[in-house]
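Trainee: My questions will all concern the structure given below.
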Amino acid sequence: MILGVIFTLMGVQILSIGAFAKVFSYAERFDRRSVSLNRALRKVILESGLALGGALFLAGFVGCAWVTWKWAVGGFGPLYEIRRILFWSMWLFLGILVIFRSFFLSMVGISRGTFIGDYERK
């Protein structure tokens, strides 16, 4: 299960780097013909990334707090809920990653005073 969490987080990192490269190439006008990327960039904004990341973080935090509360009620004995802790921690970490990736993608999307999706207007 630990390897599953590690590979999930690593996969999100790899997908994020791919998204960063694609958005950078679009912002620097290397690849402007991508209709699906243009459509996605108009709909996906910083606030939607922050909302998704916040929801994932909150779910992970509540799940970890619930497991910790159950462990505290049991007198802090042996922790048999390792799988649940790993599961909820993964969602907590994914939420943090999505939040910071949203900020970075938003910054990459600002190219010399022109916001992504505004190329058709000029």
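Trainee: Out of (1) within 26 Å of LEU105 (Cβ to Cβ); (2) open to solvent by 50 Å² or more (accessible area, probe 1.4 Å), the odd one out for TRP66 is which?
Mentor: (1)
Trainee: On the given criteria, is LEU15 surrounded by 12 or more Cβ atoms within 10 Å (Cβ to Cβ), part of a helix (DSSP H, G or I), out of contact with any Leu (no Cβ under 8 Å at 6 or more places or on another chain) and of a type outside the set (S, T, N, Q)?
Mentor: no
Trainee: Still on this structure, please answer the following. Residues to consider are LEU105, LEU92, LEU86; find the one that is touching a helix residue (DSSP H, G or I) at 6+ places or on another chain (Cβ under 8 Å), of a type in the set (A, V, I, L, M, F, W, C), assigned to a helix (DSSP H, G or I) and at pLDDT 95 or above.
Mentor: That would be LEU92, the only listed residue that is touching a helix residue (DSSP H, G or I) at 6+ places or on another chain (Cβ under 8 Å), of a type in the set (A, V, I, L, M, F, W, C), assigned to a helix (DSSP H, G or I) and at pLDDT 95 or above.
Trainee: Here's a follow-up. What is the one condition in (1) exposed (fewer than 11 other Cβ atoms within 10 Å of the Cβ); (2) of a type in the set (A, V, I, L, M, F, W, C); (3) touching a residue at least 60 places away in the same chain (Cβ under 8 Å) that VAL35 does not satisfy?
Mentor: Exception for VAL35: condition (3).
Trainee: Ok, one more. Step by step: first the residues of the range 41-53, then only those that are surrounded by 15 or more Cβ atoms within 10 Å (Cβ to Cβ) and under 12 Å from the mean Cα position of the chain (by Cα), then the one that is farthest from ILE99 (Cα to Cα). Which residue is that?
Mentor: LEU52
The values are calculated or read from the model by the stated rules, or taken from the named source; none is laboratory data. None of the values given here were measured: they were computed from a predicted structure. FYI the Cβ positions are ideal-geometry reconstructions off the backbone, even for glycines, and counts take in every protein chain you see. Heads up: the accessible areas ignore ligands, DNA and RNA and are worked out on the full protein's heavy atoms, side chains in. Shrake-Rupley method; radii C 1.70, N 1.55, O 1.52, S 1.80 Å.
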